[in-house]
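> Pasting a structure below so you can have a look.
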Amino acid sequence: MIKLLTIVGARPQIIKAAALSRAIKNSFQTRIREFILHTGQHYDQNMSQVFFDELGIPEPDFNLNVGSASHGVQTARMIEGIEERLLDLKPDFLVVYGDTNSTLAGAVAASKIHIPIVHIEAGLRSFNKTMPEEINRIMCDHASTMLFSPTLTGLKNLQNEGFRLNSEPPFTSDNPAIFHCGDVMYDNSLFFAQLADLKSSIMEQNQLKPGQFVLGTIHRDNNTDDPKRLTAIFEALIRISEISGLEVFLPLHPRTSKIMERNLNSNLLQKIRSNAHLKISQPVSFLDIIKLEKNAMIIMTDSGGVQKESYFFRKPCIILRPETEWVEIVKNGTAIIADADKDRILNAFAYFEERPDLDFPPEFGDGEAGEFICEQIIRAFNGV
Ligand code: UD1
Ligand code: UDP
């Protein structure tokens with residue numbers, strides 16, 4: 001039996017982990033035993049537990065409860081806790097997702113005690129090292145033994161950094177294997193889409209009508225922590241709600257709700273509060289967000305996951321960042337990078353409001369990335 005220790009911590013990782021846990025449960029139970037460690041990076045009910053409850057992920061075997069802190073303190077606490085559990089459990093592989101501090105901590109802890117790292121969502125690059133995520137993902141990739149990239153662009157990025165395709169087993173961190181496997185988030189979006197229609201009442205709860213609202217999410221630190229950027233985004237959202245006749249629905253990450261009071265002036269805050277068409281809510285569950293994404297007219301976001309989901313559900317997306325790792329969706333013309341620039345956001349909105357003919361060719365696999373990853377882990381374990 002192969003023993004995996006999966007690290008989760010932040011919301012998107014819990015969601016991503018659902019795909020692998022489901023594949024193990026459905027097809028590989030006799031070969032793979034998964035243990036889950038939650039670092040506690042996200043801890044509010046609606047940022048963590050709701051996903052375990054809704055997506056059928058086994059409860060974590062360990063929770064480090066590290067909570068929020070500066071990058072150094074938070075990551076250091078995680079490394080210490082993860083190392084302790086690794087020494088105890090002695091898993092055959094450590095599985096990490098994406099690019100958060102929880103990912104980096106897992107990679108640092110495991111690599112120093114020679115536990116092979118499986119990095120899911122490897123190879124993504126923004127080419128912007130001021131992003132904490134860019135540092136996390138580069139460092140994790142270069143400590144990993146098996147790297148699973150959701151896109152061909154990710155695979156190419158890895159090759160450009162010296163990783164070789166078709167390396168021969170046995171795989172090690174000095175002889176890593178890279179794979180193009182599709183996106184575990186696509187697996188999940190396909191799997192949960194129908195259930196979202198059946199179970200979610202988020203549209204009714206907020207009086208939203210299909211095709212008649214804009215869905216937005218904002219949480220990236222360079223947007224929340226910079227008053228100019230946060231102001232530009234909110235001014236654009238207010239303008240859109242005034243000129244378009246559409247509702248704007250914003251399930252806000254706690255980082256953003258907490259910092260708005262400080263980083264927006266009182267005049268703008270007043271305008272936000274008194275605007276009946278700008279609806280700000282708590283973060284919503286995965287089934288709720290999928291329901292919203294399926295029914296929105298346009299999606300505006302700085303989230304990596306929400307950008308891709310806009311594509312999965314064939315919706316135009318305005319990217320509130322200076323660049324994206326998901327270059328395919330921009331190349332295909334279904335997403336526009338508008339950064340935190342009011343005019344660029346409004347121009348992109350005006351373009352998509354005209355309902356241009358958009359094409360969403362498949363870019364993110366076949367919905368079975370989780371199964372593929374399990375098969376490759378088993379092969380690597382057996383040295384074939
Ligand atoms: C983290 C990731 C980011 C990812 C995001 C997903 C890093 C460096 N960043 O950013 O890549 O896109 O998660 O959502 O790992 N907070 C709460 N309750 C919670 C969690 C956070 O109130 O349950 C607040 C705290 O004030 C905290 C702030 O949000 O200080 C930021 O949380 P943190 O986990 O440090 O970073 P995120 O912005 O969530
Ligand atoms: N998400 C959610 N509820 C919300 C906002 C986002 O379930 O209120 C989901 C979203 O659908 C996606 C994931 O969280 O699957 C993305 O996480 P986030 O935006 O926090 O981080 P990122 O992907 O940018 O790292």
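> For the stretch 313-384, evaluate the Debye formula with one uniform point scatterer on each Cα (no solvent term) and list log10 I(q)/I(0) at q = 0.23 Å⁻¹, rounded to two decimals.
-1.00
> While we're on this one: What residues have an amide H closer than 5 Å to that of SER149, excluding those fewer than 5 places away on the same chain, when H is modeled at 1.01 Å from N in the peptide plane?
Sorted by chain and number, the residues that satisfy this are ALA122, PHE179, HIS180, CYS181.
> With unit charges on the beta carbon (Lys/Arg positive, Asp/Glu negative), name the residue among TYR43, PHE171, ALA338 whose Cα is farthest towards the positive pole of the charge dipole of the chain.
TYR43
> What is the spread of the Cα atoms of the stretch 200-313 along each of their three principal axes, largest first, in whole Å?
Projected onto its principal axes, the Cα set of the stretch 200-313 covers 34, 27, 20 Å.
> Expressed as a rounded percentage, what relative contact order does the stretch 1-75 have, with Cα pairs under 8 Å and six or more residues apart?
36 percent.
> Order of LYS315, LYS209 from fewest to most other C-beta atoms within 10 Å?
Working: LYS315 21, LYS209 11.
Starting with the residue having the fewest Cβ neighbours, the order is LYS209, LYS315.
> May I ask you to list the lysines whose Cα is less than 21 Å away from that of LYS271, ignoring any residue fewer than eight positions away on the same chain?
Straight-distance partners of LYS271: LYS228, LYS258, LYS279, LYS342.
> What's the FRET efficiency of GLU261 with GLU168 using the Cβ-Cβ distance as r and R₀ = 56 Å, to the nearest 0.05?
0.50
> Sorted from fewest to most neighbouring beta carbons within 10 Å, what does the list HIS219, HIS42 look like?
Numbers: HIS219 19, HIS42 25.
Neighbour counts put them in this order, fewest first: HIS219, HIS42.
> If you don't mind, there's one more thing I want to ask. Want the number for SER274 to GLN159: 0.36 nm per residue separation, take away the alpha-carbon distance, what's left?
36.3 nm is the gain from fully extending SER274 to GLN159.
> Any number yet on Rg/Rh for the chain, C-alpha, Kirkwood?
0.96
> While we're here: Starting from the exponent 0.38 and prefactor 2.2 Å, build the expected Rg for the stretch 113-185 from its residue count and divide its actual Cα Rg by it.
Rg over 2.2 N^0.38 Å, computed on Cα atoms: 1.03.
> Given labels modelled 7 Å from the Cα in the Cβ direction, how far is it in nm from GLU84 to ILE378?
Reported label-point gap for GLU84 and ILE378 is 3.5 nm.
> Okay, next question. Taking neighbour Cβ counts within 10 Å as the exposure measure, how do VAL184, VAL108, VAL214 sort from fewest upward?
Fewest to most other Cβ atoms nearby, the residues stand as VAL108, VAL214, VAL184.
> List the residues whose amide H sits under 5 Å from the amide H of GLY9, counting only those 5 or more places along or on another chain, with H placed 1.01 Å from N in the peptide plane.
Residues meeting the criterion, in which the H sits 1.01 Å from N, are ILE14, THR39.
> Let me ask something else about it. Tell me whether the stretch 42-129 comes out rounded, prolate or oblate; compute the Cα gyration tensor, take square roots of the eigenvalues as a ≥ b ≥ c, and use a/c under 1.5 as the rounded threshold.
On the way: a/c = 1.31, a/b = 1.12, b/c = 1.17.
Rounded, since a/c falls under 1.5.
We did not get these values from a lab; they are worked out from the coordinates using the rules stated. What you are looking at is a predicted structure, and each value in this text was computed from that prediction instead of being measured. Cβ sites come from the backbone with ideal geometry, for glycine too, and all protein chains shown count toward neighbours.
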